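Have a look at the structure below before the remarks.
The numbers here are math on the coordinates, done by the rules we state, and not lab data. Just so it is clear, the model here is predicted, and its values are computed rather than measured.
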Ligand SMILES: [Zn+2]
């Protein structure tokens, strides 16, 4: 089943409790497990640090 609403919502946001879901592994981590990324709405990268290390096609300054 195709859900356009869910498909559009691939960008995960930081929650009020300070946790965020990784776009890649779909696990929820503390905000400290995400690199900072100014281009994102919440200022945090969409991938957790562990996934970001695996996805080396993008470089980020810390
Ligand atoms: Zn991840």
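A full extension of the chain between residue 24 and residue 40 corresponds to an added length of 4.2 nm, given 0.36 nm per residue minus the alpha carbon distance. Multiplying the residue separation of residue 53 and residue 31 by 0.36 nm and subtracting their alpha-carbon distance yields 6.3 nm.
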